[in-house]
Each structure stands twice: as C-alpha cells, then as structure tokens.
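Okay, so here's the structure we're looking at.
The values are calculated or read from the model by the stated rules, or taken from the named source; none is laboratory data. It should be emphasised that the depicted structure is a prediction, and the values quoted were computed from it without experimental measurement. Ideal geometry is used to build each Cβ from the backbone, glycine not excepted, and the neighbour counts take in all protein chains shown. Keep in mind that these areas ignore ligands, DNA and RNA; they rest on the heavy atoms of the full protein, side chains included. Shrake-Rupley method; radii C 1.70, N 1.55, O 1.52, S 1.80 Å.
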Amino acid sequence: MKRFIGFVKKEFYHIFRDRRSLFILFGMPIAQILLFGFAITNEINNVDIAVLDHSKDATTKEIIYKISASKYFSIKQMITHEADIASVFEKGQVKAVLNFENDFSKNLINDHKATIQIVTDATDPNTANTISNYVNAILQQYQLELNKGTTTPYQIVSQTRMVYNPELKSVYMFVPGVMTIILMLVSAMMTSISITKEKELGTMEILLVSPINPFQVIIGKVVPYIFLSVINAIVIVLLSIFIFHMPVQGSLFLLGLESVLFIVSALALGILISTISKTQQTAMMISLMGLMLPVILLSGFIFPISSMPVPLQIISNIIPAKWFIIIIKGIMLKGVGIQYIWKETLILLGMTVFFIALSVKKYKIRLE
Amino acid sequence: MDNDKVIQVEGLTKMFGDFTAVDAITFDVKKGEIFGFLGANGAGKTTAMKMLIGISIPTAGTANVAGFDVFKQAEDIKKNIGYMSQKFALYDDLTVKENITFFGGIYGLSRNVIKEKSDVLITELGLQKVANQLVASLPLGWKQKLSFSVALIHDPKIVFLDEPTGGVDPITRRQFWEMIYKAANEGTTVFVTTHYMDEAEYCDRVSIMVNGKIEALDTPKKLKKQFNAATMNDVFLKLARG
Amino acid sequence: MSISVSNISKSYDAVKALQDISFEVKSGELFGLIGPDGAGKTSLFRILTTLLLANEGTATVAGFDVVKDYKKIRNSVGYMPGKFSLYQDLTVEENLTFFATTFGTTIQENYDLIQEIYVQIEPFKNRRAGKLSGGMKQKLALCCALIHKPKVLFLDEPTTGVDPVSRKEFWEMLKRLQQKGITILVSTPYMDEAALCDRIALIQDGKILQIDTPQAIVKHYPKQIYNVSATNTYELTNALKAYEYSHSVYPFGEFVHYTDQRSDFNPTELKAYLESKNLSDLVIEKTKVTIEDTFMELAK
C-alpha cells in the first residue's frame, strides 16, 4: 500500500509541475462552457405572443391579464383556431402561443386541475426555453394566490410544446456535450499520454524491473485522473448552474455516480490506447482521432443521431459517449431518475467492464 | 587572406543573456586538415559549431569559413560545407538511392550529376545489392559510411562531423576513418566535433574546449607530450581537473 | 553462480539479435559485455532483467529462473537502462524517495550503500533531475538502482555519452560497489573500459567472440603488432594494404597497427618497401596489443 501511495504522489508531482497541461486541463472546460454559454443570451423582454383561448372564462382572462401585465410579454394577437398557430409562427409575428383548453375554469373548480399548453418556436431554442420558464413562473405565482387557504389545491398544468426544433439545442444542450468531451479528453488522453511517457523515457523499464505490481502502476496512473475529472465535472456543473442558471432537474448524486462511471470507462480506454502506442505522439493521435472525433460527431452532441444515415446510427451505438449524453441529458434537463435511464446505464457499465477487461488482458508485464 | 586556411576564427564569442557559451575563441584550420574539436558536453562545442556552419549569429568576433563571412554570407557557407551528425544522418524510411537523390537535390546538383554520383558512391561502398532497400534495414556501420558519403556528395570544401563513430564496431570504425583520410587527402577539410577522446587520436590537430574557452590546441602527439599523458583521454582528464 | 546463461537465442522477425549465448558470472564479479551498438547487449540485458522472453535457452539470475521466478528477480536486482531513465520533472530527492518506496525500503535503511555517491549530488537534492549535468544524472540513476541493496546490478551502457572525467569516476564507483559484494554486469561499446572489468565477453552480431579476463584475451593475440606512422596516413594505409605479406592493417589513432603474415618479420624490410612508395618520416615500432586489436582479429 505504501508503494501505491508513493506512486500516486509521484503522479501528482508530474501533473502539478506541468503547468501548461494543468492550465489547459482546467482552463479548457471553463473556456468552453463560457464560450457556448455567452453565445446565447437568456434575458427576454417584451416578447410578442399570441393567445388561443378556447374557454374565454374568468380564470383565463385573469391569467391573460397577468401575463400581458408582465414586462416580459406583450400579447400581439388573439387567435381562434388551432390551425392559426402554424400560420402565426410562419409569419414570424410571435415567439409563442398560449393555448387554454376548453372549460378551463370549470375543470379547475370541478377537477382541481386545468391544462394550458405553451407552444414555442424552438428555432431559437434558448428563447423558447426561457419563455416557457417565465410563463410557468407567472402561472405558479397565480396558482399560489389561488390556493391560499384551500385544503385541496388547484393545479394548473402547463404543457410545453416546442415546434420546429423539438430537440431544443441551446446552451443547456451543450453542457452535457461539453462535459462529455472534457471528461473523455482528460481521462482517456491524459492517462494514455502519461503511461506512454514512461515508456518513451525508459522509466517503464525500471518500473517493470521492480517489485511494484503492474496493476499498481495502472491504478496509480488512473487515480489522479479520476480526481481531476471529477473536479472538472463539478466545475462544469457549477458554472452551468450559477452563470447560466441552468436548471439541473435531477439528482446531483445520481449525476455524480453516472459521471464516475463514464470517467472509469474513458480511463480504461486510455489504458487500452497506451498498450498499443509506443510514443506520446501516437497516443495523442489515437486519442484525438479514435476518441474525440467520434465523440464530437457521432454521439449526438452536435448532430442529432436520428438524422444520421442508418450505418452511422448503428455505429453510434458503440460509442460510450452517446449513452452518457443520453443519461446526463435525462438527469440534468428532464430530471429523470434511474428508472428511466437504467438501460443506458447498464450499457455504459457493460462497456466499462469490457474495456477494463480488455486493457487488463492487453497489459504487458514485459516489454513488447 | 591566406588561401591555405579554410577556417579562420578570431575572438568568436556567443552570449545567451549573461551566460557566455563561447568565450573569444581563436583558431584556424588548413585545407585538407583533419581538425578535432573536443570538449565535454556543455563546454560550448555545439554552439561554436553552429556559428561556423552559419545557423547561429555570433555575438562578437570574426569568422571566415570556406572563404565566406559568418555574419554576412551564411547562405554561401551552407552551400560549401557538408554536415553529418550521429543523431541525424539519413531518412530511415527512404531507400539508399532515394536518400542520395534527395540530398543531391538539396545541394542543387543536376539530375545527371546525381545519377552519376550515386552510381559511383553505391559501387564504392559496395551497396549495389541494397540500393533499393530502406535505409532502416542497413546495419549501423553501413548507414554511417553512407551518410558520410552523402555529406560529401556536393564536393564541399569542409565537412563537419558530429561524433561520427560513437558506438560503431571497431572494424567499421577503421573503414570510416580510412574514408576520412581519403577525403582529407583529396583536399577536403574535415572538422570533427566529439567528446570521445579516442576519436581525437585520429585527428591531425585537436583543440580542447573547457567552459567556452579553447584550453589546448596542437597535434595529439605534442599534446600528449605537453601533458605527459599516454592517451588523449588522459590529456583531457588532466586539463579538466585543472 | 550469480548469473548463468545457457544457449539463449532471441530474434525479432528476421533479425537474429542473440544467437546461442552462454556464459556465467560469479558472485561478486565485475563482468563486462563489450561490443558495438547493435551487438545484442541490450536484448541480453532485457532478457536477464525479465523484460523480454528469449526464444530459446534458459537463464538464472541470483538463482532464480528469468521466466518462472520473474517476480523474485525483480525484487533482487538493480537495473540502469541505456537511456537516462529517471523522472526529469522530479527533484533528485523525490526520485530517490520514489524508487526507495517502490522497492519497499527507505533512503535511510540503505544509506551506507549509496552514501559515497549520494554525497556528491546531495547539494543539488532540490534540483529537478532534468536540470542536472550528464555525470550527475548518471550518479543519481546509479543511486536509484542501488537503493534497495540489490544482489545483482545490471548497467546497460552507463558511460555512453558521458565525458571522460565522469566516466573515470563512474568506474571507480563500480569498483567500490564490487567490494561491497554486489555482482555487476556492465555493458559498454568502449574497448578501453574492458580492462577495468574482472572478466569480459566480447560480443558482436549477437554472438560471443570470446570470454576471459582482459589480460588473457590480450595474451591470446597470435601476432606481434607494429605501430607504423608516416606523414600521409592515407597513402601509408594504402601502401601497407598493398604489401604482399601484410596480415592486417588498421588505423589506430595517430598510428596504423600492422601485423605481418611471416613469423620472422623484419621491420627494416618493410621500411625499405614504404620508402619506395615515397612515404617519409617513417616510424615502425613494436606496440602492445589492446582489447580492440583482439576484437578486430576475432571479428574479421
């Protein structure tokens, strides 16, 4: 154990003395998040909306009044048919349509529940999302007033419907993608480079001809990078929450566990790369071409998988990053629990075990 | 200027900030001479040689190499010298012929001249059978002999050799020195930088650099006598220990 | 027997790096493996330090089989590879501490063994290894290889690229380590270092040419060698090679080493011949055989 601790200590020396890499390691996530984030603003002011009021009762009037009274929205027109929704969007007159169901007041009184649909134009995904959040905030405020002193609370259910860009690409969408890339980069590339560096310098020879167990070497190489990756993940999440007010809906604990799972799979890939490359340069090339490109192109981070040609869609399944992006999108944006993402988690877990097994099998206790 | 002297150096100095890497060295080398430029690692050998081959500008002093001034005519110097280093000599992933053609091309030889030279060279070195093989597949000794010949392909006035025979087997080493003697005999000046003292024994004259200065300069025989030493290695030990 | 090698062969694809190598190194011996680059020295070192598997043959180090008992060997040998193999970004002291911990020991525990060498680099113990001079790096590497008090020390070309002063000091250190009972196997391309070993094996192209003490190897040389010199060494070599009785002609520093085919060789005859070839300032004198002469004679 003492050997192992000594080894990990040495690894940290390497990491902290290489100022440039360290700067890139921690500067990159921050820069990327800020870059993606500030490219898109999330303030809205006097946004034109339309209202389709099927009920035209006292409650809907009151809600409409509250919304038009806020400085965020101005009601541009009242429409009367579902069919008009498409046409107002197409003319570009409004950014959103509020659609009240029939018998809104009656439903609210009888069933304690009424539904309003917020239809947004998601070609500008960030605005769409923000509008829906603001409308919801106003509705909630109203609901709170309504429920004062009642025993059975009234509930106004809002359904958000995105048109034109239902995948809603925006800063929030970039966060899972950026996080995946950073974790992949730090974990896989850095470990593979740090192992091949020892080969290149010849120190691996000395380590092999010493009583230190090869697996201690591997684990000792991996531990510092798990640590760094976790810090990076935390930094990314904190930035998203505090600078971009990204709503992390789901459990942070679950997010953490899934991230560690992904980090471990990336580290196993890194070790695998180091077993097949002799120089740091090769390790870097393999990491970039073999890992980063697929992560960027095929994981659904930039290009939606559903719009890819079928062969690429099939290939995308073997990319761990695809599953991790689905998982963290689910947790961060939809707030789902493990019951909705257990399948993806299982796939990722399977891949991780496979990579670890493969890299252990490939790892050599001798040269060549 | 003295036509017999192909390298004339006076007070040549190179400073890096406050650090004087080469401290006012003065020497000259005659045509057809084998001149050994010795010193420990870090003594300033490499820095001095870089100035002589025109890839580093001196801080002070004068130097004339192959009839050209190192300050103003660096490009002319490069055309008139050959260079061979132990670290980099030939491209491993090109064949013998391709290497010869490439280096001939660098020095602006015409296609016919290159072809002629390459045939002569391959025959002289006995490389006919491997002429179309990758250089990587040749034994180390052959590679070194080939790269020496390639350094001479454009008939340079001076050829600079950087630790040419380190690690080579003794017989190949002799063959290598015979090639050097031959080149010198034909009028090419050979400038050998090395920290292997036994290579120094083969030179006509040697200079020994210590901490940026030339501390000794003479024939190996006279130096051994002067320092009362059996080998150049002992001369160096005595000089370095002060 | 500290190291025992029998019939070891190793090839890489078509290249035969080692062919049927056998030798033994006694406990406490300083044994030199002398040969040029590409002779197979490093392959042999790697087989003995359990880093490579031989294609054929067996070997034991400190009584352990290099294949079956590789873990035991890794516990009991010290190894200094050809390249400077320490962590450049770690300080002198951190490197030493790291290797001590790796071998499950501490600097204090075996300090007596390294003390003599370590005191020379101790003033720089807070300096990064990458910033040390060649000679000091080498001393540090030796300290690291010794820190666990190995029974056998493997040094692969420790003096390559090192200046003469440091080389001399290094060999002095080896002699002292040997006195402390450590068996040392050292390789070098420098023939002049052979004389400093107890016994040597001359190796070329994966084959051992001869094994013996340096004195015996020189004694076995079959001929008298003459130092010949003239004003023009190039013409001299050509003339000597053309001489009908010449056996071998090798440039050797400021002289040419010449041996004659005849047992009743008369130098004046040769002098007359060389003079007829217009060579001047002739010197012909008997000289002592060196390891290098033997090596060339055996490799011819």
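Averaging over all projection directions, find the projected area of the Cα convex hull of chain B and quote it in nm² with one decimal place. Mind showing how you got there, number by number?
Details: hull surface 54.3 nm².
Computed as one quarter of the Cα hull surface, the answer is 13.6 nm².
How much accessible area is lost when chains A and C come together, counting both sides, with a 1.4 Å probe, in Å² rounded to the nearest 100?
Its buried surface, counting both partners, is about 2800 Å².
Starting from the Cα of residue A:238, step 7 Å along the direction of its Cβ; do the same at residue A:334; then give the gap between the two resulting points in nm.
3.0
Just for chain B, what percent of DSSP beta bridges are antiparallel, to the closest 5?
Working: 21 of 41 bridges.
Roughly 50 percent of the beta bridges in chain B run antiparallel, per DSSP.
How large is the Kirkwood hydrodynamic radius of the protein assembly as shown, counting all unique pairs of alpha carbons, in Å?
Over the protein assembly as shown, the inverse of the mean reciprocal pair distance is 33.6 Å.
What are the DSSP H helices in chain A that stretch 20 Å or more along their long axis, judged by alpha-carbon atoms, and whose average Kyte-Doolittle hydropathy comes to at least 0.5? Kindly include the intermediate steps, with their values, before the conclusion.
Values: long enough: A:2-17 (22 Å, -0.29); A:19-38 (27 Å, 1.40); A:125-146 (31 Å, -0.28); A:214-242 (43 Å, 2.10); A:252-276 (36 Å, 2.34); A:338-362 (35 Å, 1.10).
Length and hydropathy pass: A:19-38, A:214-242, A:252-276, A:338-362.
Which whole number gives the average, over all residues in B:193-205, of C-beta atoms from other chains lying within 10 Å of the residue C-beta?
Average per residue, whole number: 3.
How far apart, in nm, are two points set 7 Å out from the Cα along the Cα-to-Cβ line at residue B:115 and at residue A:292?
Going by the 7 Å Cα→Cβ label model, 4.7 nm.
Can you compute the FRET efficiency between residue C:262 and residue C:232 using 1/(1 + (r/R0)^6), with r the Cβ-Cβ distance and R0 = 35 Å? Round to the nearest 0.05.
Efficiency, rounded to the nearest 0.05: 0.85.
Just how large is the dipole of chain A about the Cα centre, in debye to the nearest 20, putting +1 at every Lys and Arg Cβ and -1 at every Asp and Glu Cβ?
That gives a dipole near 1600 debye.
If each of residue C:244 and residue A:303 carries a label point 7 Å out from its Cα toward its Cβ, how far apart are those two points in nm?
8.4
Taking the highest mean first, how do the peptides A:256-262, C:127-133, B:221-227 order by number of other beta carbon atoms within 10 angstrom per residue?
Result, highest mean first: A:256-262, C:127-133, B:221-227.
How high is the FRET efficiency between residue B:102 and residue C:19 when r is their beta carbon distance and R₀ equals 25 Å, given to the nearest 0.05?
0.10
Treating cross-link reach as a plain straight distance, find the aspartates and glutamates whose alpha-carbon is under 18 Å from the alpha-carbon of residue C:286, omitting any fewer than eight places away in the same chain.
Result set, ordered by chain and number: C:254, C:260, C:264, C:269, C:297.
Evaluate peptide C:49-59: per residue, the Cβ atoms of other protein chains within 10 Å of its Cβ; return the mean as an integer.
Values: counts 6, 5, 9, 3, 3, 0, 0, 0, 0, 0, 0.
Mean inter-chain Cβ contacts per residue within 10 Å come to 2.
Quick one: accessible area per residue over the protein assembly as shown, 1.4 Å probe, rounded to a whole number of Å²?
On a per-residue basis, 44 Å².
Normalised by the residues of chain B, what does the relative contact order come to in percent, with Cα pairs under 8 Å and at least six apart?
Relative contact order of chain B: 26 percent.
Counting pairs of alpha carbon atoms under 8 Å apart in space and at least six apart in sequence, what relative contact order in percent does the range A:47-163 give?
Dividing the mean separation by the residue count of the range A:47-163 yields 28 percent.
Please give the peptides A:338-347, C:245-254, A:203-212 ranked by average Cβ packing (other Cβ atoms within 10 Å per residue), highest first, as a rough proxy for protection.
Sorting A:338-347, C:245-254, A:203-212 by mean packing, highest first, produces A:203-212, C:245-254, A:338-347.
Give, as a single signed number, the net charge of other residues whose beta carbon lies under 14 Å from the beta carbon of residue B:190, with Lys and Arg counted +1 and Asp and Glu -1.
Here the count lands on -3.
Using a 10 angstrom cutoff on alpha carbons, build the Gaussian network for chain A and name the most mobile of A:331, A:226, A:116.
A:116
For the range C:3-219, state what percent of all Cα-Cα pairs lands in each successive 10 Å bin, counting from 0 Å until the bin that includes the largest distance.
Histogramming the range C:3-219 at 10 Å steps yields 8, 34, 37, 18, 3 percent.
Over all residues in C:78-84, what is the mean tally of Cβ atoms on other chains that come within 10 Å of each residue's Cβ?
Average per residue, whole number: 4.
So what's the back-of-envelope 222 nm ellipticity for the protein assembly as shown, counting only DSSP H runs of four-plus at -39500 (n - 2.57) apiece and dividing by all residues, rounded to 500? Mind showing how you got there, number by number?
Working: 35 runs with 418 residues, N = 910.
-14000 deg cm²/dmol, from helical runs alone.
Full-extension gain between residue A:28 and residue A:360, please, as 0.36 nm times their residue separation minus the C-alpha to C-alpha distance.
Here the segment from residue A:28 to residue A:360 would lengthen by 116.5 nm.
Given a Förster distance of 35 angstrom, what is the FRET efficiency for residue A:115 paired with residue A:260, based on the Cβ-Cβ distance and rounded to 0.05? All intermediate terms of the calculation are to be shown ahead of the outcome.
Details: r = 40 Å, r/R0 = 1.13.
It comes to 0.30.
What Kirkwood radius, in Å to one decimal, follows from the Cα pairs of chain A?
For chain A, the Kirkwood estimate is 23.5 Å.
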